[in-house]
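**Student:** One structure, pasted below without further comment.
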Amino acid sequence: MPIIKRPDSSKSSRHDREPRWNDSPNGSRNASDGRDGGGRNGGSGGRGGNGGNRGNGRNDRDGGDGGGRSVFGRIVLWFAGLAAIGVVVGALIVGYALVVMEPNLPSLNALIDYRPKVPLRVYTADHVLIGEFGEERRSLVRFQDIPDQMKKAVLAIEDYRFYDHGGVDFVGILRAGVSDVLHGGASQGASTITMQVARNFFLSSEKTYTRKIYEMLLAYKIEKALTKDQILELYMNQIYLGERAYGFSAAARVYFGKDLKDITLAEAAMLAGLPKAPSAYNPVVNPKRAKVRQQYILKRMLDLNYITREQYDQAAAEELRTKSAGTEYGVHAEYVAEMVRQMMYAQYKEETYTRGLTVTTTIDSADQDAAYRAVRKGVMDYERRHGYRGPEGSINLPSNADDRAEAIEDALVDHPDNGELVAAVVTAASPKQVTAQFVGGDTATLTGDGLRFVAAALRSNASKALALRPGSIVRLMKDDKGTWQITQLPQVEGALVSMTPQDGAIRSLVGGFDFNKNKFNHVTQAWRQPGSSFKPFIYSAALDKGLGPATIINDAPLYFPATGGGDAWEPKDDDQPDGPMSMRTGLQKSKNLVSIRILSYIGTNYAQDFVTQKFGFDKDKTPPYLPLALGAGLVTPLQLTGAYSVFANGGYRINPYLIGEVADARGTVISRASPLMAGSNAPQTLEPRNAYIMNSLLHTVATQGTGSGTNVLKRNDLQGKTGTTNDAKDGWFAGYQKQLVAVAWMGYDQPKTLGSREFGAQLALPIWVEYMGRALRGIPQEQMERPDGVTTVDGELFYADRTPGAGFVASIGLDNTNPMAGDATTMGGVGPAGMQAPPPPPQVTTDERKQIMDMFNRP
């Protein structure tokens, strides 16, 4: 019993597979006409049957009937001869097919043991598909999992008698032959689904009678070996449907971004129209032709009683939304998918694309979506702060409406949409109103706030490069209220990566503004100076040298004259020196001169060893000289995230990882990650007391210092540090909560200043806040527990064995004779507001500067 019952043939036989075929019962009308004419002739010869007989008798006597019989007999004999020849020829063909061709038919092992080329698929930890790699996009689906409406749509257009014939539909062949004759030899298909399976698996696509006979013989062989449902399942998984998609499950993902089980009736009918000519009926490239084909299939389904009139009307009126290039997946994780592809290829080579490997990453789909949106928003906010650069291009607009629409369509082919940034051509422009036209002919009218960003470009005296005129190619996006506004594609880049500090599982990774625009992964490939976001590691190294949050450091000018042919160096801050301050305040305000004095005191070689061994920075990219205190080394955002994880997890060095497990095509897990776990098998490189005090210092930065922008999240368990490099070429924010570490970055691929008023707090911190606001939603606040070895004196934290007067370094840089030296002497209290310092020293003299340089020249 077929799953999809075919309607009565009396209702179905009138319909053909092509819209142009109208199988009207011409034969019946001709027969009726003949009967009517015969009756009239009979009436003329004599009324009634007797009259006719008498007339025939008279003809016999005239001798005319003998000649008539002779002609009629010859015609009968001629047709009988043709029939006999046809029978003989047919018998010879059948005999040839059975004796010669049938033994040469291929084995059906390829069908019985169906193993197609299945691509590499990449999923998030919560099983959302984020990438697919292979020559053939294919997603195998079992027969019972194929929606009933998808099966019916395919049967309606391809082979509605599928469950009635034995592999070859002779009724269909006869119908196709009649159609070819009536339409002047126009090709009318007659291949059944079984014959198409035979052709797709075993035969070429050449149109010859030999191939057709092989096709028919294979169809019978397949029908003997497999059930109807198995044959239909093979067909619906194997058929090519364009865009490298094989099978309807893959096509549903490619064209509509959906799983096959979620498609609508209208979408099913659209997909069912693809097998005949995937390129011609591609709903993305040829939406109008695809719509015509879809409507015909829906009508076929209605006529075959596969759907009701109400279903037909609803599906016919449904507006279809196809997925454009680069939006096949629900979550933007293109950089993640590419990283996985590279890792898999390194191990499996070309088999990566055909073995059907399934990779489950550590990515959380909600976190990934939050990270993607945060980076896009941060970059676009920067663009708005720095003004409009002008349109992307321009075209001449023809006066004829049709020619104009065609010119706009052609122009926008080279300016594909970039996410929410939609390309359009200006058709009318004035200082108060702009009209722009999109691909497809829709238009948008912009006024008021929608034109604020481009106000200068609409002035009459705007430069040629800046001016907006009819024909200008622009970018539009909708604001939070759904109103169109003119914007522009950014030139600056941004990135964000987050991970779980306990084991290094990467939760989100956005390597740039848009993967299709720039495939360079800034999270893993961009070695950039970290700026002040590196200072906490120098402070951490200083804690183990006896310094503490209460240590007073002189924030006073420094000057290092040129030596050995180099340039003189006079480090500066973004604001004026404030004189002596505590180490906590120095980090809170991100004071450069304080950091330099700290590094000078603990030693550059010691600091280099400390940060590379305990936090995992590369030694060759962390040079042992004083500018290291300002982040003059090189790091990647991923590396910096791993380093901050050491603070967040209590001092354990973990390894960031992206792949959770890999399974083969049968679902068997062939590899699974075994990450280092904090508190378990991960090495403890930093003392818990060091991590605890650094956590306190960074909490002050995030709530009262340069990172106080985090206060909008209304949490008291956040820590972090801003970073801005020299000339503001890079903006950073690295921060964490106990369960999640994240680093945001912004800069140009070819480093150049981001602006004299741009800092990490304006560039990267908003991205971080936007992301963490969503990622930490519902996560309870959690404080780090105080470990052993930490004590409090006057409200400030100290190592228990390095308190004031007992190994604690009380101050640095307060000795006029040795401005870089430390002192263990304390005056007054040692709390955040209690430690007293001598009056600020006078300005550094030339001799004093020479003494300082002599110190650095010592081995």
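**Student:** Among the numbered conditions (1) out of contact with any Leu (no Cβ under 8 Å at 6 or more places or on another chain); (2) modelled with pLDDT under 90; (3) not acidic (Asp, Glu), tell me where Arg289 comes up short.
**Tutor:** (2)
**Student:** Restricting attention to segment 668-690, which residues are exposed (fewer than 13 other Cβ atoms within 10 Å of the Cβ) and hydrophobic (A, V, I, L, M, F, W, C)?
**Tutor:** Of everything in segment 668-690, those that are exposed (fewer than 13 other Cβ atoms within 10 Å of the Cβ) and hydrophobic (A, V, I, L, M, F, W, C) turn out to be Val669, Ile670.
**Student:** In addition: Search segment 190-202 for residues that are without any contact (Cβ under 8 Å) to a residue 24 or more places away in the chain and under 18 Å from Arg161 (Cβ atoms) and pair each with any residue that is of a type in the set (Val, Ile, Thr) and not in a loop (DSSP other than H, G, I, E, B) when their beta-carbon atoms are under 8 Å apart and the residues are at least 6 apart or on different chains.
**Tutor:** These pairs meet every condition: Ala190/Ile173.
**Student:** In addition: Just to be sure I understand, how many residues within segment 262-307 are over 11 Å from Gly242 (Cα atoms) and touching a Gly at 6+ places or on another chain (Cβ under 7 Å)?
**Tutor:** Count: 4.
**Student:** While we're here: Give segment 593-629 a look and list any residue that's over 28 Å from Asn655 (Cβ atoms) and over 44 Å from the mean Cα position of the chain (by Cα), or say none.
**Tutor:** The initial filter retains those residues of segment 593-629 that are over 28 Å from Asn655 (Cβ atoms), namely 593-598, 600-601, 603, 625-627.
Those that are over 28 Å from Asn655 (Cβ atoms) and over 44 Å from the mean Cα position of the chain (by Cα): Leu593, Val594, Arg597, Ile598, Ser600, Tyr601, Gly603.
**Student:** Report, ordered by the first and then the second residue, all pairs with beta carbons closer than 6 Å, sequence separation of six or more or different chains, a first member in segment 496-515 that is basic (Lys, Arg), and a second member that is outside any strand (DSSP E or B).
**Tutor:** Sorted first by the residue in segment 496-515, then by its partner, the pairs are Arg507/Asp364; Arg507/Asp367.
**Student:** Find the strands (runs of 3 or more DSSP E) located wholly in segment 677-793 whose residues include 1 or more that are among the basic types (Lys, Arg) and modelled with pLDDT of 95 or more, and list them.
**Tutor:** Per the criteria, 719-724.
**Student:** Say we look at segment 760-813 and pick out the residues that are among the β-branched types (Val, Ile, Thr) and farther than 22 Å from Ala742 by Cβ; which of these is surrounded by the fewest Cβ atoms within 10 Å (Cβ to Cβ)?
**Tutor:** Thr792
**Student:** Moving on to the next point. Quick one: which residue in Asp313, Asp402, Asp367, Asp381 is at pLDDT below 95 and either of a type outside the set (A, V, I, L, M, F, W, C) or not in a loop (DSSP other than H, G, I, E, B) (or both)?
**Tutor:** So the residue among Asp313, Asp402, Asp367, Asp381 that is at pLDDT below 95 and either of a type outside the set (A, V, I, L, M, F, W, C) or not in a loop (DSSP other than H, G, I, E, B) (or both) is Asp402.
**Student:** In contact with a helix residue (DSSP H, G or I) (Cβ under 9 Å, 6 or more places away or on another chain), at pLDDT below 95 and either buried (at least 16 other Cβ atoms within 10 Å of the Cβ) or part of a helix (DSSP H, G or I) (or both), is that true of Val284?
**Tutor:** no
**Student:** Same structure again: Determine if segment 142-161 includes at least one residue that is β-branched (Val, Ile, Thr), out of contact with any Phe, Trp or Tyr (no Cβ under 7 Å at 6 or more places or on another chain) and at pLDDT below 90.
**Tutor:** no
**Student:** Can I ask one more? Output the qualifying pairs, or none if there are none: Cβ atoms under 6 angstrom, residues six or more apart or on different chains, first residue in segment 740-763 and under 19 Å from Phe534 (Cβ atoms), second residue surrounded by 21 or more Cβ atoms within 10 Å (Cβ to Cβ) and among the acidic types (Asp, Glu).
**Tutor:** Gly747/Asp730
**Student:** Also, I was wondering about something else. Restrict the check to segment 728-745 and report whether at least one residue is surrounded by fewer than 17 Cβ atoms within 10 Å (Cβ to Cβ) and either of a type outside the set (Gly, Ala, Ser) or farther than 28 Å from Phe798 by Cα (or both).
**Tutor:** Keep residues of segment 728-745 that are surrounded by fewer than 17 Cβ atoms within 10 Å (Cβ to Cβ), which gives none.
Within segment 728-745, not a single residue is surrounded by fewer than 17 Cβ atoms within 10 Å (Cβ to Cβ) and either of a type outside the set (Gly, Ala, Ser) or farther than 28 Å from Phe798 by Cα (or both).
**Student:** Follow-up question, since we're still on this one. Is one or more of the residues making up segment 217-236 closer than 29 Å to Glu310 by Cβ and assigned to a loop (DSSP other than H, G, I, E, B)?
**Tutor:** No, segment 217-236 has no match at all.
**Student:** OK, next. Quick check on this structure: which one of Val426, Val359, Val413 is modelled with pLDDT under 95 and among the aliphatic types (A, V, I, L, M)?
**Tutor:** The match here is Val413.
**Student:** If I filter segment 248-281 down to residues being in contact with an Asp or Glu (Cβ under 9 Å, 6 or more places away or on another chain) and assigned to a loop (DSSP other than H, G, I, E, B), which single residue comes out as nearest to Leu320 (Cα to Cα)?
**Tutor:** Initially, segment 248-281 is screened for residues in contact with an Asp or Glu (Cβ under 9 Å, 6 or more places away or on another chain), giving 249-258, 260-261, 264-267, 272, 275-276, 278.
Subset that is assigned to a loop (DSSP other than H, G, I, E, B): 257-258, 264, 275-276, 278.
Numbers: Gly257: 12, Lys258: 13, Thr264: 10, Pro275: 19, Lys276: 20, Pro278: 17 Å.
Of everything passing the filter in segment 248-281, Thr264 is nearest to Leu320 (Cα to Cα).
**Student:** If only one of Ala219, Ala252 is buried (at least 23 other Cβ atoms within 10 Å of the Cβ) and out of contact with any Lys or Arg (no Cβ under 8 Å at 6 or more places or on another chain), which one is it?
**Tutor:** Selected residue: Ala219, the only one of Ala219, Ala252 that is buried (at least 23 other Cβ atoms within 10 Å of the Cβ) and out of contact with any Lys or Arg (no Cβ under 8 Å at 6 or more places or on another chain).
**Student:** Something else: For segment 636-667, name all the residues that are surrounded by fewer than 22 Cβ atoms within 10 Å (Cβ to Cβ) and among the small types (Gly, Ala, Ser).
**Tutor:** Gly660, Ala663, Ala665, Gly667
**Student:** If you don't mind, another one. Can you tell which of Val359, Val379, Val413 is surrounded by fewer than 17 Cβ atoms within 10 Å (Cβ to Cβ) and over 21 Å from Leu776 (Cβ atoms)?
**Tutor:** When all the criteria are applied, what remains is Val413.
The values are calculated or read from the model by the stated rules, or taken from the named source; none is laboratory data. What you are looking at is a predicted structure, and each value in this text was computed from that prediction instead of being measured. All Cβ positions, even for glycine, are placed from backbone atoms using ideal geometry, and neighbour counts span all protein chains on display.
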